[in-house]
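The values are calculated or read from the model by the stated rules, or taken from the named source; none is laboratory data. From a predicted model like this one, the values you see are computed outputs, not experimental measurements. Ideal geometry is used to build each Cβ from the backbone, glycine not excepted, and the neighbour counts take in all protein chains shown. Accessible surface areas use protein heavy atoms only, side chains included; no ligands, DNA or RNA. Shrake-Rupley method; radii C 1.70, N 1.55, O 1.52, S 1.80 Å.
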Amino acid sequence: MGAQYNPRSLCADEFINDEEILETLAYADAHKHDLDLCYSILEKCKPHLHPSADHGAMITHREASVLLACENKGVNDAIKQLAHDVKQAYYGNRIVLFAPLYLSNYCVNGCLYCPYHAKNREIPRRKLTQDEIRAEVIALQDMGHKRLAIEAGEDPKHNPIEYILESMRTIYSVKHRNGSIRRVNVNIAATTVEEYRMLKEAEIGTYILFQETYNKKSYERLHPTGPKSDYNWHTEAMDRAMEGGIDDVGLGVLFGLESYRYEFAGLIMHAEHLEAAHGVGPHTISVPRVKPAMDIDPDSFDNGIPDEMFEKIIALIRLTVPYTGMIISTRERQKVREHALQYGISQISGGSRTSVGGYTEVARPHDTEQFDVSDQRTLDEVISWLIDQKHVPSFCTACYRAGRTGDRFMSFCKSGQILNYCHPNALITLAEYLVDYASPDTFQKGFALLEQELFKIKDEKRRHACAEAIYAITHEGMRDQRF
């Protein structure tokens, strides 16, 4: 007899249960034409239009899978509209900016979808020294970035935990003009509870780890060699991170490796598991798709999804896990990201380079890229575009540094109180960017947006304090103020 489904279990085969996923997909197929059921599921999402301490029941992975399978245009239109409205209710029109920083592409794994795999003899291997990391950080600060996600291949010899910790200390130590990195998120391979404790002590922001695929058989085929080939060790990483004291964790699945319906169900089940087992759901969910890279052809994977379905998946994640931050990277081109922002995305990368040492190069290097960057605009161009789209670009890191993490952050977010902090902090950090880094056109548009957005802060005292902070930035040289 196989493993039994149990979202509270700490065993991967039980909380990401294959039999449960297959039964869910069969149920979705059997009920996808039941429009009364579909609309009743959407009704369950509507309390999230008004977040409160009693934020209403979440829809389940099975209910969300029914909506994903439904092909009715009326239902699909309603999904996108409701996702847009729920995103506004929780996160407003602010969009958080970050950049990836690739430290090393040495890797001992054999992942078939990644150019860093150990058998790729064509890719130049490189690992940044601490001096090179300082130079990369200065280049990122000169763009205006305040939040980084560091990336490194899995290699115990070249990229041990000591190297990651030293790199984090280096990043936090660099102060250049008005620049500083205020939050370092970490995307490294699954590790031990003790090493997660070390990352927590080094002031990690969010620990991010993509599952790649939740289908165990596909996972083992795609990871033939290396420590990452252990499905359970990888899938249970977030539980060990929680045990190690990291209460902000980020999930993600690489769409295109397996059936998107299977991956969607697994991803939602993982979020449900974190809630059931730890009382804290995922801080973020990322939605990368397989993209071209050296030695990697996306056409060799036959599970690609069209843009319209990709947008629907994003919308349904927003409805199913309304409190989570959702991330889309420069893997996706501008138009896709523009649509995704409407349906649930709350964080994007800008001005990204996915090569080791790429930010200090004048021309974008391609020989050590992990994947092709579809959106190659500068950070300032992305900021200008967001402003044109009536979004508020945000470089805020206040919650992390004020201790609003894990269950404390979730309580603020689920109750709707987080907007009392996020919106004014977004305006303050945007003012910093505009004064220190913006082009003249972005500067002008940005301050016009600030004037409009200040009036959206309903509490007069808070609105006045935010206006004073912006004045201190623009006229008195003050930096790093926050609510």
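Classify the chain from the C-alpha gyration tensor, please: rounded if a/c falls under 1.5, else prolate or oblate depending on whether a/b exceeds b/c.
On the way: a/c = 1.56, a/b = 1.11, b/c = 1.41.
Oblate.
With protein chains left intact and a 1.4 Å probe, residues in segment 434-483 average 65 Å² of accessible area per residue.
Spin-label pair Asp77-Lys200: with each label point 7 Å from Cα along the Cα-Cβ axis, the two points sit 4.9 nm from one another. Residue separation of Gln130 and Asn420 scaled by 0.36 nm, minus their Cα-Cα distance, works out to 100.6 nm of gained length. In this label model, Ala118 and Thr225 are separated by 0.6 nm, measuring between points 7 Å along each Cα→Cβ vector. Length gained on full extension, Glu451 to His50: 141.8 nm, using 0.36 nm per residue less the C-alpha separation.
Rounded to the nearest 500, what is the chain's calculated 222 nm mean residue ellipticity when only DSSP H runs of at least 4 contribute -39500 (n - 2.57) each, over all residues?
-14500 deg cm²/dmol, from helical runs alone.
Taking label positions 7 Å along the Cα-Cβ direction at both Asp388 and Lys461, the computed distance is 4.1 nm, reported to one decimal.
If you roll a 1.4 angstrom probe over the protein chains with everything in place, what fraction of the accessible area of segment 325-446 belongs to carbon and sulfur, to the nearest %?
Of the solvent-accessible surface of segment 325-446, carbon and sulfur hold 47 percent.
Legend: residue pairs Lys200/Lys414; Lys73/Lys445; Lys32/Lys390, Cα-Cα distance threshold 30 Å; pairs beyond threshold, Lys73/Lys445; Lys32/Lys390. Where both residues lie in the chain, what percent of DSSP beta bridges are antiparallel, nearest 5? Roughly 10 percent of the beta bridges in the chain run antiparallel, per DSSP. A simple rule links phi to the HN-Hα coupling: the Karplus curve 6.51 cos²θ - 1.76 cosθ + 1.60 with θ = phi - 60°, which for segment 310-320 gives 4, 5, 5, 4, 4, 4, 6, 4, 4, 6, 7 Hz, with x for Gly and Pro. For segment 318-418, report the % of Cα-Cα distances exceeding 24 Å. Tail of P(r) above 24 Å: 37 percent of Cα pairs.
For an R0 of 25 angstrom, estimate the FRET efficiency from the Cβ-Cβ distance between Ile138 and Glu162 and round to the nearest 0.05. After rounding to 0.05, the efficiency reads 0.60. Once the 1.4 Å probe is applied to the protein heavy atoms, segment 223-353 comes out at 26 Å² accessible per residue. In plain terms, the chain from Arg8 to Asp480 could stretch by 165.9 nm, reckoned as 0.36 nm per residue minus the Cα-Cα distance.
Here the accessible area is traced with a 1.4 Å probe on the protein chains. For segment 129-231, carbon and sulfur cover 49 percent of it. Our summary gives segment 1-140 a relative contact order of 16 percent, counting only alpha carbon pairs under 8 angstrom and 6 or more residues apart.
Entry comment: accessible area of segment 76-123 is 31 Å² per residue, from protein heavy atoms only and a probe of 1.4 Å.
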